[in-house]
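Working notes for the structure below.
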Amino acid sequence: MSINTVMVIGAGQMGSGIAQVCAQAGFSVYLNDLKQEFLDRGLSVIKKNLTRQVDKGRMQAEEMEKVLANLIPSTSLEDAKQVDLVIEAAVENMEVKTKIFNQLDEITPAHTILASNTSSLPITEIAAATKRPEKVIGMHFMNPVPVMKLVEIIRGLATTDEVYQAIEDMTKQLNKVPVEVEDFPGFVSNRILMPMINEAVYTLYEGVATKEAIDDVMKLGMNHPMGPLTLADFIGLDTCLYIMEILHEGFGDDKYRPCPLLRKYVKAGWLGKKTGKGFYEYA
Ligand code: CAA
Ligand code: NAD
């Protein structure tokens with residue numbers, strides 16, 4: 001199962017990062033989104049990241065041009081005809097993802113592996129939207145992708161060992177560390193991280209402390225690089241809410257109930273750093 005050409009679906013914060021690391025590792029990468037303006041935004045983030053590497057003397061300018069040349073903007077899923085692997089990083093919504101996987105199953109050649117960067121949705125259910133569940137797998141990168149070492153790899157019920165191995169090898173080629181986990185809501189990362197973030201929002205909601213105090217306690221007291229409310233803004237409050245809803249629905253336990261304040265912020269369109277306002281404001 002050799003992988004040379006990849007399509008990344010979604011040019012948002014995760015998709016652009018995944019496309020960047022794939023292009024840097026020498027893969028040809030179709031970066032797909034719904035509109036050209038979303039692609040332009042994702043590509044400009046990649047260019048900014050690479051330019052910083054050049055400015056810091058960690059990359060030659062010619063190398064940057066080579067990486068950029070590996071990226072092919074795409075607004076048509078039909079381009080997936082050309083690829084050996086698709087990594088889907090669209091919004092965290094089962095309906096959106098199953099629709100994309102169903103279309104990809106029709107478009108891509110029989111050998112193509114279909115991976116999802118979902119934060120919490122069951123891989124087995126996404127796989128059931130295709131006629132090739134044995135070639136569907138979870139490939140969960142962490143944000144910011146160019147910096148974070150981990151990729152959680154999640155097998156669906158039908159994923160073959162051969163497909164698992166190909167994705168583990170690919171992850172290592174991207175200079176990341178694969179960790180295998182089972183297909184349960186939130187996997188390992190978000191089952192542990194997101195209830196902590198949700199609890200921080202409850203702590204704010206109940207007036208136990210200010211947002212700055214909550215973040216300071218976790219940063220200075222627990223040595224976390226970002227406080228939980230800053231991290232929630234960084235991840236995206238919509239994504240945090242989707243993940244809490246998946247945990248709540250998946251485990252049926254009230255301890256996963258999303259905080260009403262989180263719901264309110266998402267309803268207001270305050271989604272965090274990506275919209276300029278969440279718990280904090282961003283220029
Ligand atoms: N994209 C690319 N590179 C970035 C970046 C970004 N968005 N943000 C920071 N960096 C780079 C910087 O350029 C810098 O690189 P150099 O050392 O090469 O100069 C390096 O990261 C450190 O950055 P800074 O010095 O500016 O800031 P920092 O030391 O505070 O680190 C951070 C920034 C790496 C983001 C750090 O704050 C951190 O680790 N935060 C926690 C991140 C985290 O928990 N991520 C997981 C989120 S959960 C998830 O992803 C799963 C999910 O499904 C929701
Ligand atoms: P984002 O909102 O920054 O980007 C999503 C992108 O997908 C947007 O550009 C949107 O236009 C595009 N999109 C939506 N529907 C599409 C479709 N049908 N076809 C093509 N493009 C489409 O979101 P994000 O933070 O990058 O999250 C993307 C995925 O990655 C989600 O499943 C999320 O749970 C997961 N994830 C997020 C994080 C994080 O920290 N934000 C970390 C790991 C995984």
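The values are calculated or read from the model by the stated rules, or taken from the named source; none is laboratory data. In this text, all values refer to a predicted model and were calculated from it rather than measured experimentally. As a convention, Cβ positions derive from the backbone with ideal geometry for all residues, glycine included, and neighbour counts pool all protein chains shown. For the accessible areas, the whole protein counts, side chains as well, though only heavy atoms, and no ligand, DNA or RNA atoms are used. Shrake-Rupley method; radii C 1.70, N 1.55, O 1.52, S 1.80 Å.
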Pairs beyond 31 Å (Cα-Cα), from Lys176/Lys264; Lys97/Lys172; Lys35/Lys81; Lys131/Lys273; Lys176/Lys273; Lys135/Lys219: Lys176/Lys264; Lys131/Lys273; Lys135/Lys219
Reachable lysines from Lys267, criterion Cα separation under 20 angstrom, eight or more residues apart if same chain: Lys211, Lys277
Relative contact order of the chain, pairs being alpha-carbon contacts under 8 Å that are 6 or more residues apart, as %: 14
Electrostatic dipole magnitude of segment 184-283 [Cβ: Lys, Arg +1; Asp, Glu -1; Cα centre; debye, to 20]: 220
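Using a probe of 1.4 angstrom, how much of the accessible area of segment 5-182 is carbon and sulfur, in percent?
51
Using a simple charge model, +1 on the beta-carbon of Lys and Arg, -1 on the beta-carbon of Asp and Glu, nothing else, what dipole does the chain show about its Cα centre, in debye to the nearest 20?
It works out to roughly 680 debye.
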Separation of the Phe251 and Thr160 label points, Cα + 7 Å toward Cβ, nm: 3.5
Using alpha-carbon coordinates, inclination of helix 189-205 to the longest axis of the chain, degrees: 30
Projected label distance in nm at Asn223 and Glu199, using a 7 Å step from Cα toward the beta-carbon: 1.9
Compactness of the chain, expressed as Rg and Dmax over alpha-carbon positions, Å: 18.9, 55
For segment 125-283, the spread of Cα positions along each principal axis, largest first, Å: 51, 34, 28
Built amide H within the under 5 Å cut-off of Tyr30, gap 5+: Val6, Met7, Val8, Ile72
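How do the peptides 127-135, 215-223 rank, highest first, by the average count of neighbouring beta carbon atoms within 10 Å per residue? Could you put the intermediate results ahead of the total?
Numbers: 127-135: 19.4, 215-223: 13.4.
With the highest mean Cβ count within 10 Å placed first, the list reads 127-135, 215-223.
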Segment 165-222 - Rg over Rh from alpha carbon coordinates, Kirkwood radius: 1.20
Solvent-accessible heavy-atom area per residue, rounded to whole Å², over segment 95-211 at 1.4 Å: 44
Per-selection Kirkwood Rh - segment 190-273 (Cα, Å, 1 d.p.): 12.8
At q = 0.11, 0.13, 0.22, 0.26 Å⁻¹, base-10 log of I(q)/I(0) for segment 1-87 (Debye sum, equal scatterers on each alpha carbon): -0.27, -0.38, -0.99, -1.27
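Say R0 is 30 Å: what FRET efficiency, to the nearest 0.05, do Val147 and Glu78 get from their beta-carbon distance?
0.35
Tally the DSSP beta bridges in the chain and give the antiparallel ones as a percent, rounded to 5.
Antiparallel bridges make up about 20 percent of those DSSP assigns within the chain.
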Segment 1-54 versus segment 167-244: alpha-carbon centroid distance in Å: 24
Approximate spin-label separation Ala268-Gln36, in nm, with each point projected 7 Å along Cα-to-Cβ: 3.6
J(HN,Hα) series, segment 120-131, from Karplus relation 6.51 cos²θ - 1.76 cosθ + 1.60, nearest Hz, glycine and proline x: 7, 6, x, 5, 4, 6, 5, 4, 5, 7, 10, 9
